[in-house]
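K.L.:
Quick one: structure below, then a few questions.
The values are calculated or read from the model by the stated rules, or taken from the named source; none is laboratory data. Computed from a prediction, not measured in an experiment: that's the story for all the values here. A quick note on method: Cβ atoms are made from the backbone with ideal geometry, for glycine too, and the neighbour counts reach across all protein chains shown. The accessibility values were calculated without ligands, DNA or RNA, using every heavy atom of the protein model including side chains. Shrake-Rupley method; radii C 1.70, N 1.55, O 1.52, S 1.80 Å.
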Amino acid sequence: MGAEIAPFAIARLDDPRWYVTRNLLALLEELGPPPAGFSAAPYMRHGDARVRWQAVKLQLKLPAERDEALVAGLRDQDPRTLRLALGLAVALQACPDAAVPLLVNRATDRTLAGDLRALAVRGLGYTRAPAALETLLQITTGGRTLFGREKLAAKSPELLVALAALATGWRHDPRARARLAIAAASSDGEIRHAAELQASRP
């Protein structure tokens, strides 16, 4: 029946059974662009994480709804929904201003799984917000040597991703360039590679 069944699916979305709502949202996603005026935004606040994930997934495909859905996904406590939003922010290489504080929070949250933190750190390389730069500098700093020179934080997956993020989006900033120069002079090949990853781009 194709897209003609969309109004009937929408009419059933308030079914009390979570799996019915989730499946109807998945059906709407498969049918293509929903009818004009429809938004799955209310379901991004559903009590069941599986419904929220499907609602965010649907909203992220609608250009006019994408920013709101991205913020909702970054705010969600469900790892699957959070991973969906973080992955899209990195894939799009863009992030709305409203999402920057959430990215900063996720990038520095030690209770979060390492792969999710890494995605958040990568996302900070695609925003021009000052808070993003400050966070990347914080992640990569190791304080100073006995002679007062800046040094890098101890090598870790977060350090490598943060250096690559600085090289991706902040290499024209004086503080970022200084941090990248320290990394580029490192005896560790992975650290040098992370700092030089995007250096050839204009």
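K.L.:
Is one or more of the residues making up the range 147-166 open to solvent by 20 Å² or more (accessible area, probe 1.4 Å), out of contact with any strand residue (DSSP E or B) (no Cβ under 8 Å at 6 or more places or on another chain), farther than 23 Å from L103 by Cβ and not basic (K, R)?
P.N.:
Yes, some residue in the range 147-166 is open to solvent by 20 Å² or more (accessible area, probe 1.4 Å), out of contact with any strand residue (DSSP E or B) (no Cβ under 8 Å at 6 or more places or on another chain), farther than 23 Å from L103 by Cβ and not basic (K, R).
K.L.:
If you don't mind, there's one more thing I want to ask. Whether any residue in the range 67-89 is at pLDDT below 90 and out of contact with any helix residue (DSSP H, G or I) (no Cβ under 8 Å at 6 or more places or on another chain) is what I want to check.
P.N.:
No; the residues of the range 67-89 include none that is at pLDDT below 90 and out of contact with any helix residue (DSSP H, G or I) (no Cβ under 8 Å at 6 or more places or on another chain).
K.L.:
So, in the range 181-202, of the ones that are assigned to a helix (DSSP H, G or I) and more than 26 Å from A113 (Cα to Cα), which residue ends up modelled with the lowest pLDDT?
P.N.:
Checked the range 181-202; the qualifying residue modelled with the lowest pLDDT is E196.
K.L.:
So, in the range 31-80, how many residues would count as being over 26 Å from D115 (Cα atoms) and of a type in the set (S, T, N, Q)?
P.N.:
Number of matching residues: 1.
K.L.:
R52 versus (1) open to solvent by 50 Å² or more (accessible area, probe 1.4 Å); (2) under 23 Å from the mean Cα position of the chain (by Cα): which is the lone unmet condition?
P.N.:
(1) is the only condition that R52 fails.
K.L.:
Can you name the number of the only condition in (1) within 25 Å of the chain's Cα centre (by Cα); (2) more than 25 Å from L103 (Cβ to Cβ); (3) exposed (fewer than 14 other Cβ atoms within 10 Å of the Cβ) that R192 fails?
P.N.:
(3)
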